[in-house]
Amino acid sequence: MAARAFLGTRKGLFELAPVNGAWRLGASHFLGDPVSMVLADPRDGALYAALNLGHFGTKLHRLDAGADTWTEVGVPAYPAKPEDSQDQVEWKLRQIWSLAAGGADEPGVLWAGTLPGGLFRSADRGATWQLVESLWHAPERSQWFGGGYDVPGIHSICVDPRDSRSVLVGVSCGGVWLTTDGGASWTLRGKGLNAAYMPPELADNQVVQDPHRIVRCAGAPDTLWCQHHCGIWRSTDNGALWTEVKTAPWSNFGFAVAVHPQDGDTAWFVPAEADQRRIPPNAALSVTRTTDGGQTLAAMRSGLPQEHCYDLIYRHGLAVHDDGKTLLMGSTTGGVWLSANGGEHWQSIGAHLPPVYAVAFG
């Protein structure tokens, strides 16, 4: 059984742990403060929490393994915007929207995706950060636009376990990008993705895609799953070509996706009715799962509310443990559920927590 899990919410960071075979809420941190992202670093056991404090700015804290006290570390900082720049985006950190640990051979390396679209790298466990200028200055960035927020943002960072220099990121709205040299250069990926919200002649333009969330299978690293604004897609060649999955039982719209850590054919999604009505289909919460690479998708409802349910699961609100069977899910209305058997049945952890931004096992 997984040892612990974490919820980043609008009003603090909450721990979960199993007690006598059932999961229970435990310690809380940063009560009252919005925690936009949480990362449990598997390399050294450190826990990172990103706070979005509005007028007081963005903060990042680290709790080292075995420690009782959090340490405030550095945050990404944008350079001054050139006076002659035509960029319509303000060069200022709004939020840390994603965090990822570097490879096993890169102790101390962290990646951070931000609003308004900058990717940052730290080589010293978050003490200092460097903007990945090669992506920030890519000519195509002028075509990026907001998806979910009024500015572009990087929400998905997928480090290749075979080669730490190979990193794939997802941008809303800016498509899928891959570096194979640690960020020195980037190539645009995403052939096959389709943006139905664009004029027909631009729908397959890779730069304007809105991949809500992208995850990589650690055991089959070329396999990626994407919950896109316009459907579900899968890639088996590290993001070069994507194939649409059209077997969703009610809706292919949603935000969250999780992939089995060893089996690239198994993935989970949480459907919402539609972009125009962001509630569970028929006001009944379900999780859909495929075990055959998307040929079929089965709905799982046991333990989930089936009447008058209006919970939405954000992009980072669904996670699977390394055991491949323990799943954690948190909603915009403070519902939290855990499954110990791959989603077949869900245990309610709480129904009155703050809105959940991100969940993670650690």
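Which value, in Å³ per residue, describes the convex hull spanned by the Cα atoms of region 1-88?
Cα convex hull per residue, to the nearest whole number: 147 Å³.
With +1 assigned to the C-beta of every Lys and Arg and -1 to the C-beta of every Asp and Glu, and no other charges, what is the dipole magnitude of region 50-119 about the Cα centre in debye, to the nearest 20?
On the way: 5 positive and 9 negative charges, 47 e Å.
Magnitude of the dipole: close to 220 debye.
Quick check: Cα centre of region 195-217 to Cα centre of region 137-168, how many Å?
Taking the Cα centre of region 137-168 as reference, the centre of region 195-217 is 13 Å away.
Please enumerate, by chain and number, the lysines with C-alpha under 26 Å from the C-alpha of LYS325, excluding those fewer than 8 residues away in the same chain.
Of all the lysines, those that pass the test against LYS325 - Cα under 26 Å, at least 8 places apart if same chain - are LYS246.
With charges set only on the Cβ (+1 for Lys and Arg, -1 for Asp and Glu), what does the dipole of the chain come to about its Cα centre, in debye to the nearest 20?
Details: 27 positive and 36 negative charges, 133 e Å.
Its charge dipole is roughly 640 debye.
Distances over 30 Å make up what percent of all Cα-Cα pairs in the chain? Write out the running numbers ahead of the final one.
On the way: 20882 of 65341 pairs.
So the portion of pairs separated by more than 30 Å is 32 percent.
Put +1 on the Cβ of each Lys and Arg and -1 on the Cβ of each Asp and Glu in the chain; which of GLY350, VAL208, ALA220 then has its Cα farthest toward the positive end of the dipole?
GLY350
Give me the Debye-computed log₁₀ of I(q)/I(0) at q = 0.12, 0.18, 0.23 Å⁻¹ for region 111-186, equal point scatterers on Cα only, no solvent, two decimals.
One equal scatterer on each Cα of region 111-186 leads to -0.30, -0.68, -1.07.
In a Gaussian network model over the chain where Cα atoms closer than 10 Å are linked, find which of ASP84, ASP322, ASP64 has the largest mean-square fluctuation.
ASP84
Which order results if HIS229, HIS308 are arranged by neighbouring Cβ count within 10 Å, fewest first? Before the final figure, lay out the partial values.
Working: HIS229 20, HIS308 7.
The most exposed by this proxy come first: HIS308, HIS229.
Hey, what D do you get for region 51-131 in µm²/s if you plug the Kirkwood alpha-carbon radius into Stokes-Einstein at 25 °C and 0.890 mPa s? The partial results should precede the final answer.
Working: Rh = 13.8 Å.
It diffuses with D of about 177 µm²/s by this estimate.
Please work out the Cα convex hull volume for region 150-301 and give it in Å³ per residue. Show your work: numbers first, answer last.
Numbers: hull volume 15.9 nm³, N = 152.
Measuring per residue, one finds 104 Å³ for the Cα hull of region 150-301.
Over region 176-247, one equal point on each Cα, no solvent: what is log10 I(q)/I(0) by the Debye formula at q = 0.16, 0.18 Å⁻¹?
Debye output, listed in q order: -0.54, -0.68.
Mind ordering 150-162, 204-216 by average Cβ neighbours within 10 Å, highest first? Present the calculation step by step, with values, prior to reporting the outcome.
Details: 150-162: 20.6, 204-216: 22.7.
Highest-to-lowest ranking by the protection proxy: 204-216, 150-162.
Just want the answer: with Cβ charges of +1 for Lys and Arg and -1 for Asp and Glu, which residue in PRO18, MET37, GLY57 is farthest toward the dipole's positive end in region 1-110?
PRO18
Would you mind ranking MET300, MET37, MET329 so that the residue whose beta carbon has the fewest other beta carbons within 10 Å leads the list?
Ascending Cβ contact count within 10 Å gives the list MET300, MET37, MET329.
For region 1-51, what ratio Rg/Rh do Cα atoms give with a Kirkwood hydrodynamic radius? It would help to have the intermediate numbers written out before the result.
Working: Rg = 11.4 Å, Rh = 11.5 Å.
So for region 1-51, dividing Rg by the Kirkwood Rh gives 1.00.
Provide the gained length on full extension for the span GLN143 to ASP263, in nm with one decimal, where the gain is 0.36 nm per separating residue minus the Cα-Cα distance. If you can, show how the numbers build up before the last one.
Values: separation 120, 0.36 × 120 = 43.20 nm, distance 3.54 nm.
Between GLN143 and ASP263, full extension yields an extra 39.7 nm.
For region 99-238, compute Rh as the Kirkwood radius over C-alpha pairs and then the Stokes-Einstein diffusion coefficient at 20 °C and 1.002 mPa s; write the answer in µm²/s, rounded to an integer.
Values: Rh = 15.1 Å.
My calculation gives 142 µm²/s for D.
LYS81: which lysines have alpha carbons under 24 Å from its alpha carbon, excluding same-chain residues fewer than 8 sequence positions away?
Leaving aside lysines fewer than 8 places away in the same chain, those within reach of LYS81 are LYS59, LYS92.
For region 1-153, take N as its residue count and report Rg(C-alpha) divided by 2.2 N^0.38 Å.
Values: Rg = 17.0 Å, N = 153, 2.2 N^0.38 = 14.9 Å.
Scaled against compact globular proteins, the figure is 1.14.
Using 5 Å bins from zero, what percent of all Cα-Cα pairs in region 223-317 falls into each bin?
Calculated P(r), rounded to whole percents: 3, 15, 25, 26, 17, 9, 3, 1, 0.
For labels at ALA196 and THR128 in the simple 7 Å Cα→Cβ model, what's the distance in nm?
4.9
Can you list the residues of region 58-92 with backbone N under 17 Å from a point 7 Å past the Cα of ALA17, pointing along Cα to Cβ?
Hits in region 58-92 for ALA17 at 17 Å: 63-70.
How do THR266, THR128 line up, fewest other C-beta atoms within 10 Å first? Each step should come with its number before you reach the end.
Details: THR266 21, THR128 15.
Taking fewest neighbouring Cβ atoms as first place, the list is THR128, THR266.
Laboratory data are not the source of any read-out in this text; all were calculated from the coordinates shown. The structure presented is a predicted model; accordingly, all values stated were derived computationally and were not measured. As a convention, Cβ positions derive from the backbone with ideal geometry for all residues, glycine included, and neighbour counts pool all protein chains shown.
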